[in-house]
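We did not get these values from a lab; they are worked out from the coordinates using the rules stated. Worth saying up front: this structure is predicted, and the values here are computed from it rather than measured. Glycine also receives a Cβ, built like all others from the backbone with ideal geometry; neighbour counts cover every protein chain displayed.
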Amino acid sequence: MTTRIGVVVMAALLALYLVLVGQRAVFFIATGEPVAIAIGVALFVLPVVGVWALTREILFGVRAERLGRLLESNGELPDDELPVRPSGRVERDAADEVFPRYQAAVEAAPTDWKAWYRLGLAYDGAGDRRRARSAIREAIHLYSR
């Protein structure tokens, strides 16, 4: 729930930013000075990149959550009882011990989105966020086919 609140706050801040930067961009372009026009155009482009990035992350989160709920409803999420730190994060050594099982499942069935999603969870538990996101992106891609 706190993640959703964070996303809504970030989206609202981005919208406010877009309005304010858009106003400044119009002011710069209206001066007629070549340097100011270039700055004004850049002020239009940079927010578009920000909107693209935020939209991409929101879609990733929605799709990943949908797949997670689907696995959960079918009782197919990993049920490893791993020790956790006071912060709630899985202890890395314990995650490293179960990781080979999920890696082997992906190697055995490389087109199984469920195996890729579980591998993403294993990567996340091991603290490798970049690979976790990559594995879950692959799961989303395979599910969407």
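Observations on the structure shown:
- A full extension of the chain between Arg130 and Glu72 corresponds to an added length of 18.6 nm, given 0.36 nm per residue minus the alpha carbon distance.
- The rule of thumb for compact globular proteins, 2.2 N^0.38 Å, goes into the C-alpha radius of gyration of region 2-73 1.55 times.
- Ile39, Ile58, Ile136, Ile5 arranged by Cβ crowding within 10 Å, fewest neighbours leading: Ile5, Ile58, Ile39, Ile136
- Leu16-Arg56 FRET efficiency (beta carbon distance; Förster radius 25 Å; 0.05 resolution): 0.80
- Acute angle (nearest 10 degrees) that the helix 2-30 long axis makes with the longest principal axis of the chain, alpha-carbon atoms: 20
- When Cα Rg over 2.2 N^0.38 Å is computed from the coordinates, the matching label among [x] 1.21; [y] 1.41; [z] 1.45 is [z].
- Residues Arg4, Arg145 arranged by fewest to most Cβ contacts within 10 Å: Arg145, Arg4
- Distance in nm between pseudo-label sites at Asp79 and Ala36 (7 Å out along the Cβ direction from Cα): 6.9
- Calculated [θ] (222 nm, deg cm²/dmol) that DSSP helices of n ≥ 4 give over the chain, each run adding -39,500 (n - 2.57): -28000 deg cm²/dmol
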